[in-house]
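Novice: Here it is, the structure in full.
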Amino acid sequence: MTTFLFCFRETIWKLRVDFLQERVLSRWENFTIWNAGKQGRKLYRSLSPTNQRKVKAFCDVDENKIQKSFYTYEESEQRPKPKVPILHYKEAKGPFIICVKLDMTGGVLEENIKSLQLKEGTDYYHFN
């Protein structure tokens, strides 16, 4: 049963990523992934090589992640291994793919988005 649930979750994830790539990322020249944590890195690794090259940065609010200054995709076949900068969200440039669950931040994420005057569908797409 556990194997089935894992496969089901991974299939749903793949379908969602495929939709994102086809409907959103195909129209963007580059973008920033908002979340340098587990979900943001998983999204990056799930993207096609073409869309991985479009990722200009990760952004976050967590100082520990920002201090690392970049994410290295160690599993990549590319040489040298891709390195993606990690920035504070106020320093990052859109458009953004936001990989943060809305109900997990107590409204902080929504306030951060509002502070940057971002418009959903134009400046960002929410993917969680």
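Novice: Across the range 102-128, which residue is surrounded by the most Cβ atoms within 10 Å (Cβ to Cβ) among those that are in contact (Cβ under 8 Å) with a residue 12 or more places away in the chain and in a loop (DSSP other than H, G, I, E, B)?
Specialist: Step by step, filter the range 102-128, then rank; the result is 127.
Novice: Can you name the residue in the range 16-36 that is closer than 18 Å to residue 68 by Cβ and touching a residue at least 60 places away in the same chain (Cβ under 8 Å) and is also surrounded by the fewest Cβ atoms within 10 Å (Cβ to Cβ) among such residues?
Specialist: 32
Novice: Within the range 19-38, restricting attention to residues that are polar (S, T, N, Q) and touching a Phe, Trp or Tyr at 6+ places or on another chain (Cβ under 9 Å), which residue is farthest from residue 54 (Cα to Cα)?
Specialist: Looking at the filtered set, the residue picked out is 35.
Novice: List the number of the failed condition for residue 73; all other conditions in (1) of a type in the set (Ser, Thr, Tyr); (2) crowded, with 16+ Cβ neighbours inside 10 Å; (3) at pLDDT 95 or above hold.
Specialist: (3)
Novice: Can you tell me which residues in the range 1-19 are within 16 Å of residue 100 (Cα to Cα) and touching a helix residue (DSSP H, G or I) at 6+ places or on another chain (Cβ under 8 Å)?
Specialist: 13, 17
Novice: Now for a separate question. Scanning the range 37-57 for residues that are surrounded by 12 or more Cβ atoms within 10 Å (Cβ to Cβ) and hydroxyl-bearing (Ser, Thr, Tyr), which turns out nearest to residue 85 (Cα to Cα)?
Specialist: 44
Novice: Additional query: Could you check, for the range 92-101, whether at least one of its residues is touching a Cys at 6+ places or on another chain (Cβ under 7 Å), within 16 Å of residue 123 (Cα to Cα) and either in contact (Cβ under 8 Å) with a residue 40 or more places away in the chain or not in a strand (DSSP E or B) (or both)?
Specialist: Yes, the range 92-101 contains a residue that is touching a Cys at 6+ places or on another chain (Cβ under 7 Å), within 16 Å of residue 123 (Cα to Cα) and either in contact (Cβ under 8 Å) with a residue 40 or more places away in the chain or not in a strand (DSSP E or B) (or both).
The values are calculated or read from the model by the stated rules, or taken from the named source; none is laboratory data. Owing to the predicted nature of the structure, the values given are computational and were not obtained by experimental measurement. Heads up, the Cβs are rebuilt from the backbone with ideal geometry, glycines too, and the neighbour counts pull from every protein chain shown.
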